[in-house]
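**Student:** Just passing along the structure, written as structure tokens.
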Amino acid sequence: MAEPETIGELLSERGISRRGLLKYAAYLASLMALPPWQSNAIADALAAARRQSVIWLSFQECTGCTESLTRSFSPTLENLIFNLISLDYHETLQAVSGEAAEQARRSAMRDNKGKYIVVVDGSVPTRDGGVYGTVAGQSMLQILNDTAAGAKALIAVGTCAAFGGIPHAQPDPTGAVPLTSLIKDKPIINISGCPPIPEAMAGTIAYLITFGRLPDLDHLNRPKSLFGNTIHDRCYRRSFYDKGLFAKSFDDEGARRGWCLYELGCKGPVTYNSCATLKWNGGVSFPIQSGHGCLGCSEPNFWDKGGFYHPLSTPTGHPTAAVGAAAVAGIGVGAVSALLARRAKREATSTGEKP
Amino acid sequence: MPDADSIGSAPPSGAAVVSGVLREVAERLEALAERGECGVIDLKSLPLSDSHLQQLRERLGRGEVSAQLEILGPSEIWETRYPGVWWVRHLGVTDLVAAERIEITRVPDILSAALPDVVTAAQSLNDDLALYATTRRERTDHGRT
């Protein structure tokens with residue numbers, strides 16, 4: 001039997017109907033903030049597309065990004081992405097090893113020259129000629145340069161690949177840098193986070209396959225659809241912030257009542273990501289919902305911005321201090337709201353109404 | 001980085017969004033009635049809480065048609081009490097909502113069988129009939145011997 005040429009043929013062979021693609025397209029349109037009426041056109045485009053060759057390079061990383069992408073899905077709608085791509089090289093997931101694995105990478109590069117996507121997790125060590133990270137006798141720096149040369153685009157998944165992450169944190173012994181410091185002649189999309197939200201990775205790859213171009217990106221090369229709002233903008237505890245109601249410690253009355261975690265160091269106001277809407281573990285929860293402030297892991301240098309438990313307005317010696325001042329202004333507004341709320345409550349109580 | 005204004009300003013209230021959505025549904029339904037134009041509203045992209053979604057569902061009510069689909073996880077579709085306005089909810093992992101939308105159309109596309117699936121089905125049914133005929137003939141021949 002002939003190999004299926006298009007994604008539509010492949011899905012049909014696997015017993016997934018066109019309705020499955022329509023459902024996936026509705027999900028993708030919502031995820032990537034595309035006009036919802038485009039979902040039919042998205043389904044048609046995906047059905048006609050060929051599977052996208054993907055070469056996944058793992059550098060200075062902890063495998064958390066791969067874990068996030070592969071382990072957070074059950075075999076239903078969201079993992080349809082694995083039918084859309086041909087994962088031609090991934091050290092952790094591929095069955096082959098040694099020379100056969102390297103041969104698979106070279107073959108994919110040759111057969112899909114100019115068309116394949118390189119996904120990178122982990123930062124790249126550059127000090128002393130890049131000797132602090134080698135695979136199959138080659139430095140990570142060399143592997144990246146060789147593999148990127150014939151790529152259509154690169155996706156930096158995780159804060160290490162996007163901004164240097166933890167390997168880049170002080171004192172940065174290996175001279176760790178992100179992709180954007182090394183590759184200047186190819187489009188690069190950053191999907192930051194430690195790890196990134198799996199739907200953000202899968203949605204971005206699906207977008208590339210569907211439209212053959214990059215989604216709209218912010219000033220840090222992140223898709224605006226996923227990184228367009230701060231955690232604070234969409235946080236379900238936002239109303240407590242606006243009322244000036246803050247937990248002061250992790251076990252006080254405010255914490256038990258679910259008040260805002262700003263004063264316990266939450267970095268939500270300066271962190272752009274979709275955790276508050278997409279959530280984690282298939283949409284079960286996210287850190288703030290579990291009672292802990294946001295660490296700001298999808299922002300550059302999050303590890304070196306002072307303590308995770310210092311409120312943003314605490315001077316840290318970093319540029320976020322300016323934002324901290326702005327956030328204090330926000331508290332001012334919140335305090336006024338709280339005053340108004342208390343007055344409303346008093347008046348409502350005096351007239352016998354429930355607050 | 002956000003400025004003081006963006007940090008201090010609250011998002012629009014859910015109640016305001018609920019009435020905004022209903023007004024948009026009304027406009028799009030008029031467009032369907034007058035010009036045959038279909039429309040979709042993505043509810044997941046709007047700042048609506050569960051209780052606001054419930055309000056919206058109650059305001060639109062349920063009409064004559066409802067369908068349960070089993071495609072890469074369950075989906076439910078029902079026509080609201082306004083014919084041409086459909087509530088479409090796709091569930092993914094562990095019954096969490098992957099997409100939720102209001103479609104303004106005569107019939108949501110996902111309910112119709114797509115042509116490539118019909119082509120495959122025609123081939124598959126013919127193959128099944130041929131296999132059935134062959135098996136039956138072999139049984140008959142076996143009975144004679």
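**Student:** Which residue, A:His219, A:Val124, A:Val177, has the largest displacement toward the positive end of the dipole of the range A:7-227 when charges sit on each Cβ (Lys, Arg +1; Asp, Glu -1)?
**Tutor:** A:His219
**Student:** For chain B, with the dipole built from +1 on Lys and Arg beta-carbon atoms and -1 on Asp and Glu ones, taken about the Cα centre, which of B:Trp78, B:Val97, B:Gln55 lies farthest toward the positive end?
**Tutor:** Farthest towards the positive pole: B:Trp78.
**Student:** When Lys and Arg each count +1 and Asp and Glu each count -1, what net charge do the other residues less than 13 Å away from A:Pro167, Cβ to Cβ, add up to?
**Tutor:** -3
**Student:** For chain A, with every protein chain kept in place, what is the accessible area per residue (1.4 Å probe, Å²)?
**Tutor:** Per-residue value: 43 Å².
**Student:** If you take every residue apart from A:Ile191 with its C-beta less than 11 Å away from the C-beta of A:Ile191, what net charge results, scoring Lys and Arg +1 and Asp and Glu -1?
**Tutor:** Net local charge, A:Ile191 excluded: -1.
**Student:** Continuing with the same structure: Mean Kyte-Doolittle of at least -1.0 and a Cα length of 24 Å or more along the axis: which whole DSSP H helices of chain A meet both?
**Tutor:** Length and hydropathy pass: A:320-350.
**Student:** For the protein assembly as shown, give the magnitude of the charge dipole about the Cα centre (Cβ charges: +1 Lys/Arg, -1 Asp/Glu; no others), in debye to the nearest 20.
**Tutor:** Roughly 720 debye, rounded to the nearest 20.
**Student:** With a 1.4 Å probe and every protein chain left in place, work out the accessible area per residue of chain B in Å², rounded to a whole number.
**Tutor:** 60
**Student:** If every alpha-carbon in the range B:15-145 counts as one equal scatterer, what log10 I(q)/I(0) does Debye give at q = 0.19 1/Å?
**Tutor:** The Cα Debye sum returns log10 ratios of -1.10.
**Student:** Give me the net charge for the shell around B:Glu30: Cβ to Cβ below 12 angstrom, other residues only, Lys and Arg +1, Asp and Glu -1.
**Tutor:** Computed value for this residue: -1.
**Student:** Still on this model: How compact and how long is the protein assembly as shown, expressed as Rg and Dmax of its alpha-carbon atoms in Å?
**Tutor:** 26.3, 99
**Student:** I'd like the interface area for chains A and B: accessible area of each alone minus the complex, both sides summed, 1.4 Å probe, protein heavy atoms only. What is it in Å² to the nearest 100?
**Tutor:** So the buried area, both faces added, is about 3100 Å².
**Student:** Moving to a separate point now. Output the antiparallel fraction of DSSP beta bridges having both residues in chain A, as a percent to the nearest 5.
**Tutor:** DSSP beta bridges in chain A are roughly 30 percent antiparallel.
The values are calculated or read from the model by the stated rules, or taken from the named source; none is laboratory data. Model, not experiment: these values are computed from the prediction. Cβ coordinates were reconstructed from backbone atoms using ideal geometry, including for glycine residues, and neighbour counts include every protein chain displayed. What goes into the accessible areas is simple: the full protein's heavy atoms, side chains included, and nothing from ligands, DNA or RNA. Shrake-Rupley method; radii C 1.70, N 1.55, O 1.52, S 1.80 Å.
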